[in-house]
Amino acid sequence: MRTIAAFLLAAFLGFAFHPARAVDVAAIRTTDGLSADWRNVIGANQSATAGWAFRVGAEAVQVQALGMYDAANGMKDAHPIGLWSASGTLLAQATLPAGTASLRVGSYRYVAITPITLNPGQVYVIGAYFGPVADQCGSACGDVMLYRGNETYDMRISFVQSRQTLSIAGAGPLAYPGVFAGVDEGFFGPNFLLSADLTPDPFAFPAQTDVAPGAVATSSPVTVSGINNPTAISVTGGTYAINAGAYTAAAGTVLPGDTVTVRLTAPPTFATTATARLTIGGVSADFVVTTVAEDSTPDPFAFAAQTGAVPGSVATSKAIVVTGTNSPSVISVTGGRYSVNGAAYTTATATVSPNDSVTLQLTAAPTFATATTATLTIGGVSADFIVTTAAADTVPNPFAFAPQSGVAPATLVTSNAITVGGIDSASPISIAGGAYSINGAAYTSAAGTVQNGDTVSVQLMSSASFATPVQATLTIGGVSADFIVTTAAADIVPDPFAFAPQSGVAPATPVTSNAITVGGIDSASPISITGGAYSINGAAYTSAAGTVQNGDTVSVQLMSSASFATQTRATLTIGGVSGTFDVVTRGAPPAQPVPLLGPGATALLMALLALVSLFAMRRTHA
């Protein structure tokens with residue numbers, strides 16, 4: 001079997017594409033590709049039907065005309081053209097005449113047929129008959145076949161396969177091309193016109209008002225519907241963008257389902273209208289933009305009042321922002337001065353622009369608890385800035401006196417000095433239980449006044465008793481603090497003391513210690529003894545508990561042991577501190593020696609020893 005592809009010769013030709021503005025559009029539009037005349041495609045004296053198969057998309061299409069590729073602005077031969085179903089049923093047929101009498105659309109010529117509807121999703125085949133050409137054809141080698149070009153298909157169909165009949169010698173009939181032609185793309189000799197809808201459904205852009213002068217306004221998007229082929233789009237008075245692409249004023253095309261927005265620059269003046277007109281397939285809609293009316297009256301504004309200001313101080317408000325205007329507004333002030341956007345403060349009448357920030361400033365009254373007002377007016381709208389000075393403050397910051405302890409009884413004691421703070425005028429001062437001094441002046445117990453920054457100290461007499469607190473209470477402007485002084489506790493614990501031990505004392509003899517002097521106490525301290533008796537300041541010895549005073553002398557007495565070389569101890573305790581008095585008796589006198597045996601006893605012992613010896617000898621000899 002010979003296919004047409006076996007005879008293809010490579011040759012490049014370019015074809016300009018001119019979009020059809022008619023209701024009918026070409027199924028395939030070719031801008032360039034490879035082409036060969038029929039003699040070189042099929043061979044001498046051969047004929048065949050060649051074309052291509054295609055599939056209809058989701059939408060049914062209507063075929064209006066059948067045609068052929070015209071490379072030379074005129075057909076050399078007449079060509080029967082047929083349209084078949086996938087199974088080979090001929091659905092439509094027409095003959096394209098030679099010459100230029102037929103309709104030319106783009107690079108193709110067409111002959112009308114009775115319109116036929118092709119169903120969605122079905123495969124169809126179109127083919128054209130090419131008759132035999134002499135072997136030495138010269139300039140009459142048959143019409144051109146185009147293949148492998150830059151084809152653009154109607155969006156409602158898609159290419160399936162190149163087709164042909166087997167070539168035969170000599171002339172033959174138009175036949176169903178049911179054989180794959182061996183090329184990746186179709187033999188684009190045959191073509192057809194489809195009925196197309198290039199008029200979109202009506203569309204509209206909502207008008208925009210109150211647009212800032214000179215601002216760029218963008219319409220809401222519209223979606224193109226009601227067409228089934230690329231359709232012309234143009235704009236006047238603005239620009240357009242397709243599918244959020246770049247904006248342009250150049251004419252172009254849109255596809256079904258594309259979204260389009262329009263953009264224009266609003267007029268530079270207030271209350272002025274501008275219009276951009278978008279046209280798609282002869283249907284137009286206007287995008288109308290009107291600038292806002294001039295408004296120099298701002299939204300209401302307010303300044304927060306300030307209280308507690310220092311008399312004579314400068315008070316500054318928080319900033320307000322001018323809103324609600326679109327043009328400059330007149331600004332003026334009474335009772336103070338204003339600043340725009342942080343510039344120097346002024347009292348002069350001027351203008352402010354939208355979104356400027358403004359602050360007010362005034363000098364507070366020189367007296368306590370007094371209000372001062374500054375009034376700012378912008379575009380006829382006013383607001384007051386009210387500043388009230390603080391009331392006189394006679395209540396000082398809290399203060400305190402450090403307590404003192406361990407103070408000697410009946411002693412004049414002075415506190416640390418405190419500094420009066422937190423008041424701004426004279427504040428009353430008084431004391432109970434002592435006296436006070438201001439800034440080092442004489443101490444007094446009379447009521448008076450103090451100023452901020454004064455120093456105050458307190459003085460009182462400590463208690464005449466041990467471990468006893470007394471306090472003085474100082475009050476300034478209703479705030480009080482105590483100065484507490486506590487005398488030292490009585491000291492009844494004496495310094496350590498000791499008694500010298502004595503030895504070699506005669507047995508059963510009264511022995512008296514050295515005297516010690518009680519020191520380190522400031523009050524009567526308890527005294528007691530075990531193992532002896534004590535004497536205070538040379539008084540009679542006693543073993544009963546008692547008390548001693550600082551500086552008393554004390555001695556101890558005990559009875560030595562009745563035995564020789566024996567220790568006896570007395571323990572004296574004063575205020576919990578003890579001392580011992582140890583006494584050791586002398587040793588016993590030496591004893592006289594005593595004889596061990598008398599003369600008679602010695603003679604008897606000797607006789608016994610002789611008798612024992614004799615007895616031992618006899619036993620030996622026996």
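Taking the DSSP beta bridges with both ends in the chain, the antiparallel portion is around 95 percent. Take every Cα pair under 8 Å whose residues are at least 6 apart in sequence, average their separation, divide by the length of the chain, and the relative contact order is 8 percent.
Relative to the dominant Cα principal axis of the chain, helix 599-621 is inclined by about 60°.
What's the magnitude of the charge dipole for the stretch 226-326 around its Cα centre, counting Lys and Arg as +1 and Asp and Glu as -1 at the beta-carbon? Answer in Debye, nearest 20. Kindly include the intermediate steps, with their values, before the conclusion.
Values: 3 positive and 5 negative charges, 31 e Å.
Around 140 debye, computed over the stretch 226-326.
Using the Kirkwood radius over Cα pairs, work out the Stokes-Einstein diffusion coefficient for the stretch 542-585 at 37 °C and 0.692 mPa s, in µm²/s as a whole number.
Values: Rh = 12.1 Å.
D = 271 µm²/s.
Relative contact order for the stretch 125-266: 20 percent, from Cα pairs under 8 Å spaced at least 6 residues apart, divided by residue count.
Accessible surface area normalised per residue over the chain is 48 Å², counting heavy atoms of protein chains with a 1.4 Å rolling probe. When the Cα positions of 52, 85, 169 are compared along the charge dipole of the stretch 41-175, 85 comes out farthest toward the positive end, with charges on each C-beta of Lys, Arg, Asp and Glu. Simple point charges give the picture: +1 on the Cβ of Lys and Arg, -1 on the Cβ of Asp and Glu, and for the chain a dipole about the Cα centre of about 2120 debye.
Going through the stretch 468-503, which chymotrypsin sites (Phe, Trp or Tyr not before Pro) have at most 16 other Cβ atoms within 10 Å and a DSSP loop state? Filter output for the stretch 468-503: 497. Whole-Hz Karplus values for the stretch 76-90 come out as 6, 10, 7, 9, x, 10, x, 10, 10, 6, 4, 8, x, 6, 6 Hz, taken residue by residue from phi with 6.51 cos²θ - 1.76 cosθ + 1.60 and θ = phi - 60°; glycine and proline positions read x. For the chain, taking Cα atoms only, Rg and Dmax work out to 67.7, 199 Å respectively. Candidates 470, 252, 179 compared by Cα position along the dipole of the chain: farthest toward the positive end lies 179, with charges placed on Cβ.
How large a share of the accessible area of the chain, in percent, is made up of carbon and sulfur atoms when the probe is 1.4 Å and the other protein chains stay in place? Before the final figure, lay out the partial values.
On the way: 16960 of 29680 Å².
Carbon-and-sulfur percentage of accessible area, whole number: 57.
Direction-averaged projected area, Cα convex hull, the stretch 367-447: 8.4 nm², rounded to one decimal. Only helical runs count toward this figure. For the chain, summing -39,500 (n - 2.57) over DSSP H runs of n ≥ 4 and dividing by all residues gives -1500 deg cm²/dmol at 222 nm.
Basic side chains Lys and Arg get +1 at the Cβ, acidic Asp and Glu get -1 at the Cβ, and with that the dipole of the stretch 150-259 about its Cα centre reaches some 180 debye.
Placing unit charges on the Cβ atoms of the charged side chains and taking the dipole of the chain about its Cα centre, the candidate lying farthest along the positive direction among 227, 142, 208 is 142.
The values are calculated or read from the model by the stated rules, or taken from the named source; none is laboratory data. Just so it is clear, the structure is predicted and the values come from calculations on it, not from any experiment. When we count neighbours, we look across all protein chains shown, and the Cβ atoms used for this are built from the backbone with ideal geometry, even at glycine. Quick note on the areas: whole protein, heavy atoms, side chains included, nothing else; ligands and nucleic acids left out. Shrake-Rupley method; radii C 1.70, N 1.55, O 1.52, S 1.80 Å.
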